[in-house]
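Structure first, then comments.
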Amino acid sequence: MTLSAEVVTRELPEIVEFNKLKSRTAEEALAELVFRTLAEKMSRENPEKIRFRSYHVNYQDGNKGESWNSKRIFGHAAYPTYIIHVKSHVGPLEIYRSVYPPMEELEKQIKESFELAEFYKVEAEAASRSRTGEL
């Protein structure tokens, strides 16, 4: 599973089907629930500024094609990998990547990325004004 920063908007209480969790290890199931909790908290605190996405990669012993394709596309080494991107005028920029970080560390990195996102927003606005002034 590769996880990266989609606004998670769920009605409370969230219903989680046990059948989807029971095939996972206890660590995997707990990590997914904790990640969802963090996503909901950060989305409430920062509406319109953050999106969380969770990508499920279908890994099978007999067919590792999807797993290898995800590694090629995302450049990750293991599951779950958490990646934070910041929007900039040149496109999304990766600023953090970690395999199984503590949720506290992930939350800290997300909060710090807001400052960088604001910097890029100001830079994009300045670049836009500069281009307009050149016409």
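At a 1.4 Å probe, what is the % contribution of carbon and sulfur to the accessible area of region 23-135? Intermediate results must be reported in sequence, preceding the final value.
On the way: 4090 of 7680 Å².
That share works out to 53 percent.
With a threshold of 24 Å on the Cα-Cα distance, the over-threshold entries among K41/K64; K87/K111; K87/K108; K71/K121; K41/K71 are K41/K64; K71/K121; K41/K71.
Compute the accessible area per residue over region 31-135, keeping the other protein chains in place, probe 1.4 Å, unit Å². Write out the running numbers ahead of the final one.
Numbers: 7020 Å² over 105 residues.
With the other protein chains kept in place, region 31-135 gives 67 Å² per residue.
Could you tell me the center-to-center distance, by alpha carbons, between region 71-135 and region 24-59 in angstrom? Taking the Cα centre of region 24-59 as reference, the centre of region 71-135 is 17 Å away.
Note: region 95-135, Cα convex hull, 49 Å³ per residue.
Out of every Cα-Cα pair in region 18-135, what percent are more than 19 Å apart?
On the way: 4027 of 6903 pairs.
Of the Cα pairs, 58 percent sit more than 19 Å apart.
The values are calculated or read from the model by the stated rules, or taken from the named source; none is laboratory data. Since the model is a prediction, treat every value here as computed from it, not as a measurement. For the accessible areas, the whole protein counts, side chains as well, though only heavy atoms, and no ligand, DNA or RNA atoms are used. Shrake-Rupley method; radii C 1.70, N 1.55, O 1.52, S 1.80 Å.
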